Amino acid sequence: MRHIISILLENEPGALSRVVGLFSQRNFNIETLNVAPTEDPSLSRLTVTTVGDDRVIEQITKHLNKLIDVVKLVDLTEGNHIERELMLVKVKALGAARDEVKRTADIFRAQIVDVTPSVYTVQITGDAGKLDAFVQAMAPIGILEVARTGVSGIARGDKLLSL
Amino acid sequence: MELLSGADMIARFLKDEGVERIYGYPGGAALHIYDALFRQDSVQHILVRHEQAATHAADGYARASGKPGVVLVTSGPGATNAVTGIATAYMDSIPMVVLCGQVASHLIGEDAFQETDIVGVTRPVVKHSFSIRHPSEIPEVLKKAFYLASTGRPGPVVVDIPKDMTAPTERYEYVYPKKVKIRSYNPVTRGHSGQIKKAVDMMLKARRPVFYTGGGIVTGRASEALTDLVHRLGFPITTTLMGIGGYPQGDQQSLGWLGMHGSYEANMAMHHADLIVAIGARFDDRVTNNTSKFCPTAKIVHVDIDPSSISKTVRADVPIVGAAGSVIDEMISLVQDREASNAEALGEWWKSIEGWRAEREGKLYEPSKPGEALKPQEVIEAVYRATRGEAFVTTDVGQHQMFAAQYYKFAKPNRFITSGGLGTMGFGFPAAMGIKLSYPQDDVVCFTGEGSFQMMMQELSTCKQFDVGVKIVNLNNQSLGMVRQWQDLNYKSRHAHSYMESLPDFAKLIEAYGFTAIKVTTFDELEPALERAFADTNELVFLDIYVDPFEHVYPMQVPLGSMRDMLLSKTERT
Ligand SMILES: Cc1ncc(C[n+]2csc(CCOP(=O)(O)OP(=O)(O)O)c2C)c(N)n1
Ligand SMILES: [Mg+2]
């Protein structure tokens with residue numbers, strides 16, 4: 001099963017490499033990885049999506065918790081949560097395709113954020129499934145480049161991942 | 001307020017932390033630190049002849065004393081030479097602090113002379129690592145390093161120290177930090193009481209229980225409590241290789257150690273058990289054999305300080321995260337005022353176990369006949385007698401290691417010192433050196449093989465410089481015996497590179513360093529040689545003992561089998 005694990009990490013040099021290293025060292029898989037500072041400058045938030053059975057996920061969270069730089073973590077998939085990813089896509093936009101891209105973007109509530117005579121750059125946010133569907137829809141028109149941020153997420157309601 | 005340079009802070013910190021001795025080797029990036037060591041006399045520096053030996057010596061000391069071993073090496077090759085020893089300590093959860101010189105901060109990343117990203121290189125084999133970014137943070141970082149290395153599940157910690165951090169001209173305030181806090185690190189100590197109660201309920205009802213305990217008992221200083229609990233319950237107990245001595249081996253309830261080369265009765269008891277109480281052990285593949293056939297009828301209670309050890313390879317029915325000593329104490333208090341309902345079943349269980357014991361009694365190996373080559377097993381037994389079972393014993397890796405574990409009986413913890421997890425040839429001799437320096441009154445014996453010894457024999461020079469009187473027992477079978485055993489069993493005796501061709505004349509080699517060597521080839525020579533060797537505790541003596549090159553280690557679990565599937569000799573199997 002796919003899991004989304006969010007981690008509060010000490011904002012220290014080398015901390016990220018310990019997390020990434022752990023995954024390769026122990027043969028765990030990383031589907032997406034997203035990391036940025038939080039409102040507390042001493043902490044980064046790192047979100048990783050991974051696939052594994054219960055035993056593997058249990059090992060992943062235990063080993064992550066063992067890293068000294070990991071302050072706290074949560075497996076968001078254990079509860080209700082919001083999952084978002086942002087994608088920028090460059091699509092060929094010539095002739096009839098120009099309208100087609102625009103129409104499809106509207107259907108997906110995506111925005112065209114940059115325009116040239118031959119290329120549209122489209123920005124879209126959503127869960128990973130929506131982004132995949134958008135890529136599929138655009139593929140026949142001609143995708144030139146894709147940049148995805150990887151999944152970020154947060155629990156619904158009052159639940160917090162904080163110190 | 002006291003102003004010190006980074007280098008002087010390091011020397012001062014070591015003193016304030018109570019470190020008496022460190023092991024190391026100098027080089028450019030570490031020279032400010034070496035100069036600081038030169039100008040003080042609280043901390044003794046032992047100059048080894050290879051940085052790997054520094055780590056093994058520190059490791060040996062740590063295993064014997066329970067305190068962190070300390071290593072100092074220079075950048076680049078000095079640090080990379082230490083990696084094997086760091087990995088060895090990591091695999092066996094040994095507290096160690098490794099101080100590595102590094103090129104000056106402004107050179108990092110430029111492929112400067114002797115620059116290696118040692119934090120990167122060692123990342124998978126350390127508990128944690130630090131890079132010093134300002135001299136003023138040295139006391140606190142070092143305190144954190146010692147704290148992390150020696151608490152929770154212990155392990156090695158690397159501290160990378162760029163040369164400019166120790167410059168003699170830059171001085172900052174030094175205060176010894178008595179305590180540190182790391183917000184993301186709170187090792188548990190007490191186990192969950194509800195879980196412990198559940199475990200005790202199961203123990204009091206079990207019909208065929210076995211204790212299976214590991215290195216966590218030794219590191220957690222829990223052997224007395226364990227012995228008490230095991231005696232109260234009357235259960236059989238087996239330990240891992242790392243747990244040897246955690247329970248007295250001469251005791252009636254001890255089945256010896258288990259696993260690949262464990263005792264017949266221990267492996268049989270495990271296989272037939274209905275309850276396994278694992279404490280401070282990690283169900284590693286050299287213990288469990290094929291996990292899908294592991295102990296088919298047993299429920300499993302697993303106590304460990306490291307949650308990631310629990311249910312890693314074998315699912316625990318009752319997981320308990322906690323320090324061995326505190327959990328055992330709590331178990332004792334619960335057992336105290338409860339009646340066991342399983343006395344009769346236990347009696348039956350012991351009958352089965354006695355049966356297994358009797359089956360192998362007197363059949364463990366065939367002693368040598370007059371005129372034949374000595375058996376390695378009888379050599380270990382003779383050394384056991386000569387030292388009254390009281391020596392610190394280190395081993396290298398191979399057949400001799402397994403024989404030492406099987407035939408030297410340990411009554412106390414911290415006495416059997418071996419590289420169990422990584423299986424590092426070359427470990428034994430420098431580890432013995434590290435122990436002897438701190439335990440000068442005790443006999444320290446290193447059982448080695450001619451293959452292993454040649455990996456670290458340069459340390460004879462260190463022993464000469466610091467007058468280290470270890471006893472080296474070379475079980476010379478003229479081959480990489482353990483490799484050859486596997487080739488006999490799995491490759492139709494095609495002995496690809498398992499011979500030690502061109503063996504040196506060990507006696508001459510030892511004598512070149514000014515030490516005594518005794519060559520032994522017959523049984524009659526053995527006892528007198530041992531008497532001579534152990535006459536003076538402080539004299540280094542090398543015994544070059546020629547043993548049967550064809551001997552195998554048995555029992556040996558059959559690959560992919562269950563615990564009870566064992567070869568018992570070259571001709572018998574279960
Ligand atoms: C550094 C290292 N290299 C290789 C091995 C693989 N290995 C395990 S046992 C062994 C043979 C050891 O020979 P020796 O020291 O003579 O001991 P014996 O088995 O003959 O008693 C080897 C090569 C190892 N454990 N460590
Ligand atoms: Mg050999």
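The values are calculated or read from the model by the stated rules, or taken from the named source; none is laboratory data. Fair warning: this is a prediction, and the values are worked out from it, not measured in the lab. Glycine also receives a Cβ, built like all others from the backbone with ideal geometry; neighbour counts cover every protein chain displayed. The area values use the complete protein model at the heavy-atom level, side chains included, leaving out ligands, DNA and RNA. Shrake-Rupley method; radii C 1.70, N 1.55, O 1.52, S 1.80 Å.
When the stretch B:68-81 is examined, which residues are found to be under 11 Å from residue B:58 (Cα atoms) and outside any strand (DSSP E or B)?
Answer for the stretch B:68-81, where residues must be under 11 Å from residue B:58 (Cα atoms) and outside any strand (DSSP E or B): just B:68.
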Would you mind finding the one in B:415, B:388 that is without any contact (Cβ under 8 Å) to a residue 24 or more places away in the chain and either more than 11 Å from ligand 1 (Cβ to nearest atom) or touching a His at 6+ places or on another chain (Cβ under 7 Å) (or both)? B:388
Looking only at the stretch B:4-15, decide whether some residue is under 27 Å from residue B:221 (Cα atoms), open to solvent by 10 Å² or more (accessible area, probe 1.4 Å) and either touching a strand residue (DSSP E or B) at 6+ places or on another chain (Cβ under 8 Å) or touching a residue at least 60 places away in the same chain (Cβ under 8 Å) (or both). no
Residue B:394 fails exactly one of (1) part of a helix (DSSP H, G or I); (2) within 16 Å of ligand 1 (Cβ to nearest atom), namely (1)
Among the numbered criteria (1) more than 10 Å from every other protein chain (Cβ to nearest Cβ); (2) charged (D, E, K, R); (3) open to solvent by less than 60 Å² (accessible area, probe 1.4 Å), which single criterion is violated by residue B:127? (1)
Scan the stretch B:283-309 for residues that are within 14 Å of chain A (Cβ to nearest Cβ), surrounded by fewer than 24 Cβ atoms within 10 Å (Cβ to Cβ) and under 25 Å from the mean Cα position of the chain (by Cα) and report the count. 4
So which residues in the stretch A:27-44 are within 14 Å of chain B (Cβ to nearest Cβ), open to solvent by 40 Å² or more (accessible area, probe 1.4 Å) and at pLDDT 95 or above, if there are any at all? A:40, A:42
Can you tell me which of B:437, B:480, B:460 is within 16 Å of ligand 2 (Cβ to nearest atom) and touching a helix residue (DSSP H, G or I) at 6+ places or on another chain (Cβ under 8 Å)? B:480
Given the condition part of a loop (DSSP other than H, G, I, E, B), farther than 27 Å from residue B:229 by Cα and away from ligand 1 (no atom under 16 Å from the Cβ), answer yes or no: does some residue in the stretch B:334-355 qualify? no
For the stretch B:393-406, pairs from a residue that is free of Cβ contacts under 8 Å to residues at least 60 places away in the same chain to a residue that is within 10 Å of ligand 2 (Cβ to nearest atom) and in a strand (DSSP E or B), with Cβ under 7 Å and 6 or more apart or across chains, are B:396/B:448
Condition met for residue A:18 (within 14 Å of chain B (Cβ to nearest Cβ) and among the basic types (Lys, Arg)): yes
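With the condition kept exactly as written, say whether any residue in the stretch B:285-295 is at positive phi and in contact with a Leu (Cβ under 8 Å, 6 or more places away or on another chain).
Within the stretch B:285-295 (the criterion being at positive phi and in contact with a Leu (Cβ under 8 Å, 6 or more places away or on another chain)), the answer is yes, since at least one residue qualifies.
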The residue that is surrounded by the fewest Cβ atoms within 10 Å (Cβ to Cβ), considering only those in the stretch A:62-95 that are away from chain B (no Cβ under 14 Å) and within 30 Å of residue B:129 (Cα to Cα), is A:75
Those residues of the stretch A:140-156 which are part of a loop (DSSP other than H, G, I, E, B) and either modelled with pLDDT under 95 or surrounded by 16 or more Cβ atoms within 10 Å (Cβ to Cβ) (or both) amount to A:140, A:141, A:142, A:149, A:150, A:151
Would you confirm whether or not the stretch A:46-55 contains a residue that is outside any strand (DSSP E or B) and closer than 25 Å to residue B:145 by Cα? no
Look through B:166, B:116 and report the one residue that is more than 29 Å from residue B:3 (Cβ to Cβ), surrounded by 16 or more Cβ atoms within 10 Å (Cβ to Cβ) and at pLDDT 95 or above. B:116
Go through B:571, B:537 for me and flag whichever is of a type in the set (Val, Ile, Thr), over 27 Å from the mean Cα position of the chain (by Cα) and at negative phi. B:571
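Look at residue B:473 and say whether it is within 16 Å of ligand 2 (Cβ to nearest atom) and either without any contact (Cβ under 8 Å) to a residue 24 or more places away in the chain or closer than 21 Å to residue B:544 by Cα (or both). Outline the logic, then answer.
Details: within 16 Å of ligand 2 (Cβ to nearest atom): yes; either without any contact (Cβ under 8 Å) to a residue 24 or more places away in the chain or closer than 21 Å to residue B:544 by Cα (or both): yes.
In short, yes.
Tell me yes or no: at least one residue of the stretch B:279-298 is in a strand (DSSP E or B) and touching a residue at least 60 places away in the same chain (Cβ under 8 Å).
Yes, there is a match, as at least one residue in the stretch B:279-298 is in a strand (DSSP E or B) and touching a residue at least 60 places away in the same chain (Cβ under 8 Å).
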Quick check on my filter: what residues within the stretch B:374-401 are open to solvent by 20 Å² or more (accessible area, probe 1.4 Å), within 16 Å of ligand 2 (Cβ to nearest atom) and hydrophobic (A, V, I, L, M, F, W, C)? B:397
Checked B:501, B:525 against criteria (assigned to a loop (DSSP other than H, G, I, E, B) and acidic (Asp, Glu)); the one match is B:501
Check B:493, B:562 and return the single one that is over 29 Å from residue B:459 (Cβ atoms), of a type in the set (Gly, Ala, Ser) and buried (at least 17 other Cβ atoms within 10 Å of the Cβ). B:562
Filter pass, residue B:484 being charged (D, E, K, R), within 16 Å of ligand 1 (Cβ to nearest atom) and in a loop (DSSP other than H, G, I, E, B): no
Test residue B:500 against the criterion of being of a type in the set (A, V, I, L, M), crowded, with 17+ Cβ neighbours inside 10 Å and either within 23 Å of the chain's Cα centre (by Cα) or more than 10 Å from ligand 2 (Cβ to nearest atom) (or both), and give yes or no. no
Pairs needed: first member in the stretch A:1-29, in a helix (DSSP H, G or I); second member anywhere, of a type in the set (D, E, K, R); C-beta distance under 6 Å; at least 6 residues apart or different chains. A:15/A:69; A:18/A:69; A:21/B:123
Please go through the stretch B:448-457 and give me each residue that is open to solvent by less than 40 Å² (accessible area, probe 1.4 Å) and more than 8 Å from ligand 2 (Cβ to nearest atom), ordered by number. B:448, B:453, B:456
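So that you can scan it fast, the table gives a plain yes or no per residue for (1) under 23 Å from the mean Cα position of the chain (by Cα); (2) modelled with pLDDT under 95; (3) open to solvent by 40 Å² or more (accessible area, probe 1.4 Å):
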| site | (1), (2), (3) |
| --- | --- |
| B:132 | no, no, no |
| B:135 | no, no, no |
| B:138 | no, no, no |
| B:142 | no, no, no |
| B:147 | yes, no, yes |
| B:155 | yes, no, no |
Criterion violated by residue B:171 - all others in (1) surrounded by fewer than 22 Cβ atoms within 10 Å (Cβ to Cβ); (2) within 14 Å of chain A (Cβ to nearest Cβ) satisfied: (2)
Among the residues listed as B:468, B:445, the single one being more than 14 Å from ligand 2 (Cβ to nearest atom), in contact (Cβ under 8 Å) with a residue 12 or more places away in the chain and part of a strand (DSSP E or B): B:445
